[in-house]
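Written below as structure tokens is the structure these notes are about.
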Amino acid sequence: MKKFLPLLFGVLLCLGSCQSSEEADKAAIIQLIREQEKAWSNHDIRGFMKTYWESDSLKFYGANGLTLGWEKTLEGYLKRYPTKDETGTLNFTIDDITKIESNAYHVMGQYHLKRKVGDAHGVFLIVLRRINGQWKIVADMSC
């Protein structure tokens, strides 16, 4: 019995640290989403884009189809939202955050834009990966 106690203690310790690690990941992801709300609502699209993976492999899927790459995604946002009247005030509702693997999560939710040019709302699914110690959106599907 004494041989199994250290093993049991190790397993329980690992389970506890895995749980708190996942909680920390989710808290960091929620913080990233709150930073997006703030940047967008300040008409800081470049600041909003800091949460995305700056890579040609970034994927954005929206009403205009699939856009590949960080630069093209930024260009699309700047074209569709040229003024504060178009960006308005952004609020997200996070419906689910699910761990995919050790360094990846997907988030499902809703976006709500209050704007002078007319309010907009819809749903999104984003995939995040921890890249160089930071959470980055690597894929975004919004409609």
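The values are calculated or read from the model by the stated rules, or taken from the named source; none is laboratory data. Not measured: the values here are computed from a predicted model. Cβ placement follows ideal geometry from the backbone for every residue including glycine, while neighbour counts extend to all protein chains displayed. Each accessible area value is taken on the protein alone, full model and side chains, heavy atoms only, with ligands, DNA and RNA left out. Shrake-Rupley method; radii C 1.70, N 1.55, O 1.52, S 1.80 Å.
Work out which trypsin sites (Lys or Arg not before Pro) in the chain are exposed loop sites (DSSP not H, G, I, E or B, at most 16 other Cβ within 10 Å) and give the longest gap free of them.
Values: sites that count: Lys2, Lys3, Lys50, Arg115, Lys116.
The longest uninterrupted stretch comes out as 51-114.
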Exercise. For the chain, what is the mean residue ellipticity at 222 nm derived from helices alone (per DSSP H run of n ≥ 4: -39500 (n - 2.57); sum divided by total residues; nearest 500 deg cm²/dmol)?
Worked result: -13000 deg cm²/dmol
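For the range 72-114, with all protein chains present and a 1.4 Å probe, just round the carbon and sulfur fraction of the accessible area to a whole percent.
Values: 1200 of 2350 Å².
Carbon plus sulfur share of accessible area: 51 percent.
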For this session: Kindly report the accessible area of the range 48-143 per residue (heavy atoms of protein chains, probe 1.4 Å, no ligands, DNA or RNA), in Å².
Result: 57 Å²
Seminar exercise, completed: About its Cα centre, the chain carries a charge dipole, from +1 on Lys and Arg Cβ atoms and -1 on Asp and Glu Cβ atoms, whose size in debye to the nearest 20 is 220 debye
For this session: Please check which bits of the range 89-126 a label hung off Glu22 would reach, taking the label as a point 7 Å along Cα-to-C-beta and the cut-off as backbone N under 13 Å.
Result: 97-106
Exercise. Gaussian network model of the chain, Cα springs within a sub-10 Å range: biggest mean-square fluctuation belongs to which of Gly65, Gly76, Gly122?
Worked result: Gly65
For this session: Choose one answer from Thr93, Thr73, Thr51: the residue with the largest mean-square fluctuation in a GNM of the chain with alpha-carbon springs under 10 Å.
Result: Thr93
